[in-house]
Amino acid sequence: MLPRVKIQFLNGQLGTVGVSADGLLALIVGAAAVAATFALNTPYTVTSVDDLADLGITEDNNAALFKAVSQFYDEAEAGTRLVIYGVAPATTATNICDYSKTAAGYARDLITRQNGALRGIIITGVNTGGSAASTNGLDPDVFTALPKAQQLAEWATTELYAPIFIVIEGRKYDATKELKDLTAETYNRVAVLIGDTESGSDVACMGTLAGRIASCPVQRNIGRVKSGSLFPTEMYVGTKAVEEAESIIAQIYDKGYIVPRRYVGKSGYFFADDQMACDPTDDYAHLTYRRTIDKAYRIAYATLLDMLLDELEVNEDGTLQTAVVKDWQQTVEDAINRQMTANGELSATDGEGCKCFIDETQNVLATSKINVTLKVRPFGYARYVDVNLGFLVSNT
């Protein structure tokens, strides 16, 4: 086995019953090639809607792509990088996410070409030729793509040391069918969005979601009310306006999907939350936790990689000397605190938002292995606020 650094995610720790590369997303979208300026199965980086003109992309020749990119920059500032990757519209999300497919036109090709820089992938406007009935409330391709997307994201994490998340468009939403419950699944690197800016649309507002994610630091919930409402002035779930579909939205939310909503007393629309397609008690059941732990992973990997195959002072019994252990622990903690805690991305006590532990009894001389435990402290989120309200009067 080659020398390497291996990091495993801990689970069950929570006890739950921009400009930055942290927001670099790729948009995989069904599209049409444009002469010699825009080819399918090829990544292009844009920083504004105006860049589409240089690629020959217009609303007329690429409606889905133009819409998604426009939505993105309605939420994210011009200058924010976005990678666009056009594929044949008939390609299914299931095939796109199949990590065994390495050819151009599949997500693995895109991830590899970006050399680990991507933090997330948004998939929209695909399987447009699919005619299967929405027996579980959405295009069946959505549900068969979920395990493939999870497997792909895990491959990127373990093989490329480049953890990502994937959001799949909740295509062909049918309110007359019983929606599949995603809270019974285990896809904590994948999310599904339902809801669009047009009534009766077969698609979802993936550009709006991507733009909000890209404009938020890793610890920020995309539904944070204080961040302000979303750009669209009209939003729908199926054929119903969001303001007329409160009970439907509650049902969709309870089944683990990302969905838009409104608040009484607030103008505009908001995302209800940032759920991933998994059990709500999973430590990574929310995009905020997923993005936070993934950033810590990248920092820890880069820091520990510099220590690989370095000379280590050991005791007579082959264990690490205390000074070495303390130095490793401090180096990792400093890297996390400098790049995350100091930026307000971790919940901190006296400037410390993480803890690194190395057992000094490990016989490194015999095994050439060092087991490291690294834990970071995320923020809590006020999802439910209960208030006891009454009159302040004296009965005496």
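The values are calculated or read from the model by the stated rules, or taken from the named source; none is laboratory data. This is a predicted model, so every value here is computed, not measured. Every residue, glycine among them, receives a Cβ derived from its backbone with ideal geometry; neighbour counts consider all protein chains shown. The accessibility values were calculated without ligands, DNA or RNA, using every heavy atom of the protein model including side chains. Shrake-Rupley method; radii C 1.70, N 1.55, O 1.52, S 1.80 Å.
Points to keep in mind about this one:
- Qualifying residue in region 319-328 (condition: over 30 Å from S215 (Cβ atoms), open to solvent by 90 Å² or more (accessible area, probe 1.4 Å) and part of a loop (DSSP other than H, G, I, E, B)): no
- Each residue in region 113-154 was checked for being surrounded by fewer than 20 Cβ atoms within 10 Å (Cβ to Cβ), out of contact with any helix residue (DSSP H, G or I) (no Cβ under 7 Å at 6 or more places or on another chain) and aliphatic (A, V, I, L, M), and 1 of them qualify.
Okay, residues lined up against (1) open to solvent by 60 Å² or more (accessible area, probe 1.4 Å); (2) touching a helix residue (DSSP H, G or I) at 6+ places or on another chain (Cβ under 6 Å):
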position: V46; (1), (2): no, no
position: G56; (1), (2): no, no
position: L65; (1), (2): no, no
position: Q71; (1), (2): no, yes
position: E75; (1), (2): no, yes
position: A78; (1), (2): yes, no
position: I84; (1), (2): no, no
position: T102; (1), (2): yes, yes
position: I111; (1), (2): no, yes
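- Number of positions in region 246-272 that are of a type in the set (G, A, S) and within 18 Å of E75 (Cβ to Cβ): 3
- Exactly one residue among V225, V218 is touching a strand residue (DSSP E or B) at 6+ places or on another chain (Cβ under 8 Å) and not basic (K, R), and that residue is V225.
- Residues of region 155-172 that are surrounded by 24 or more Cβ atoms within 10 Å (Cβ to Cβ) and either among the charged types (D, E, K, R) or on the phi > 0 side of the Ramachandran plot (or both): E169, R171.
- Candidates A348, A366, filtered to the one that is at negative phi and surrounded by 13 or more Cβ atoms within 10 Å (Cβ to Cβ): A348
- Among the residues of region 239-274, the ones that are touching a Phe, Trp or Tyr at 6+ places or on another chain (Cβ under 8 Å) and open to solvent by 20 Å² or more (accessible area, probe 1.4 Å) come to 4 in all.
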